[in-house]
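A short write-up of the structure that comes next.
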Amino acid sequence: MNLIDFHVHSDSSDGLLSMRDLAKKAEDVGLDALVLTDHDYWSGSFDRNLTLMDCFSKEIGIPVIVGCEINTPSGEFLLFGKEAIDRWLSFRDQLSKIFTVAGCSNFWNAFRFDVLGSFLKDGIEKMGTPYAMIMCHPASADFYSKQPRSMFELIHGFEIVNRGIRSNPDTVRVLRKLMPWARKLSNSDAHDDEIGLSRNEVDIEGPVTEESLIEWLRRGKS
């Protein structure tokens, strides 16, 4: 059994610690991998983390998985799968440019979840690109009751604990009903040395890799 914290920020976005410092801290608190999820709106953070991972892989004693926290009108999500993230970042930039040319004053007013849903279904799943997505720090039950059902079909897990705080019971009840297959996860959302404050038992045989984490998340219900 592996211990994993799926939601950690580094100094590549709004975190305070470097990848190497976070990896050391993760080892110290007993985690079996460092999973980085820096923000998509922080320019270059994803590519920077990939470069750092390649540079320091021999110095870091545990596996490093680079994900991304993506921001949408329907909330924030942790996206995993390097190719899927790369396509998402390009897709988001293209949308932003289109809306700017069209004179849309607010990118998010024009970008609804069905746009993200179409991207994930047509630009990712149909092309066979592996990915997994976790809903992080869920909003209110009322908010999710108004979202399209198609949104929930694309999600493989949601946070029931974030930064040591349990999600609202009504929200968890609604999400359990909407996504009975989804993993229920406890993450730290660490921006400093809080990494591992919350963690998950992940039953993966062999080494922890991006592929094995995606497969575990997609395998479903915990």
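List of remarks:
- Single residue of Ser43, Ser10 found to be among the polar types (S, T, N, Q) and farther than 24 Å from Ile165 by Cα: Ser43
- Contacts under 7 angstrom Cβ, first residue in the stretch 15-37 being in contact (Cβ under 8 Å) with a residue 24 or more places away in the chain, partner among the small types (Gly, Ala, Ser) and assigned to a helix (DSSP H, G or I), 6 or more apart: Leu34/Ala23; Leu34/Ala26
- Residue count for the stretch 65-104, restricted to those that are modelled with pLDDT of 90 or more and of a type outside the set (Gly, Ala, Ser): 15
- Looking only at the stretch 148-178, residues that are more than 15 Å from Phe6 (Cα to Cα), free of Cβ contacts under 8 Å to residues at least 40 places away in the same chain and either under 16 Å from the mean Cα position of the chain (by Cα) or in a loop (DSSP other than H, G, I, E, B) (or both) come to 6 in all.
- Test: Ile160 is aliphatic (A, V, I, L, M) and either surrounded by fewer than 19 Cβ atoms within 10 Å (Cβ to Cβ) or over 24 Å from Leu17 (Cα atoms) (or both): yes
- Filter result for Leu175 (surrounded by 14 or more Cβ atoms within 10 Å (Cβ to Cβ), touching a Phe, Trp or Tyr at 6+ places or on another chain (Cβ under 7 Å) and farther than 26 Å from Met19 by Cα): yes
- Residue check: Asp193 meets all listed conditions (1) touching a helix residue (DSSP H, G or I) at 6+ places or on another chain (Cβ under 8 Å); (2) over 27 Å from Asp14 (Cα atoms); (3) of a type outside the set (Ser, Thr, Tyr) but one, namely (2).
- Note on the stretch 36-58: among residues that are assigned to a loop (DSSP other than H, G, I, E, B) and out of contact with any Lys or Arg (no Cβ under 7 Å at 6 or more places or on another chain), the one that is surrounded by the fewest Cβ atoms within 10 Å (Cβ to Cβ) is Lys58.
- Candidates Ile214, Ile155, filtered to the one that is in contact with a strand residue (DSSP E or B) (Cβ under 6 Å, 6 or more places away or on another chain), at pLDDT below 95 and closer than 20 Å to His39 by Cα: Ile155
- Residue ID - surrounded by the most Cβ atoms within 10 Å (Cβ to Cβ), chosen from residues in the stretch 178-207 that are among the β-branched types (Val, Ile, Thr) and modelled with pLDDT of 95 or more: Ile195
- Filter pass, Ile204 being touching a residue at least 24 places away in the same chain (Cβ under 8 Å) and farther than 23 Å from Leu154 by Cα: no
- Residue check, Ile98 touching a residue at least 24 places away in the same chain (Cβ under 8 Å), of a type outside the set (Phe, Trp, Tyr) and either more than 28 Å from Val208 (Cβ to Cβ) or not in a helix (DSSP H, G or I) (or both): no
- Looking at Ser212, Ser198, just one residue is free of Cβ contacts under 8 Å to residues at least 24 places away in the same chain and either in contact with a Phe, Trp or Tyr (Cβ under 7 Å, 6 or more places away or on another chain) or within 19 Å of Val66 (Cα to Cα) (or both), and that residue is Ser212.
- Taken as a whole, the stretch 46-58 holds no residue that is touching a residue at least 40 places away in the same chain (Cβ under 8 Å) and of a type in the set (Val, Ile, Thr).
- Among the residues making up the stretch 10-35, a single one is surrounded by 23 or more Cβ atoms within 10 Å (Cβ to Cβ), in contact with a Ser or Thr (Cβ under 7 Å, 6 or more places away or on another chain) and in a loop (DSSP other than H, G, I, E, B): Ser10.
The values are calculated or read from the model by the stated rules, or taken from the named source; none is laboratory data. This is a predicted model, so every value here is computed, not measured. Every residue, glycine among them, receives a Cβ derived from its backbone with ideal geometry; neighbour counts consider all protein chains shown.
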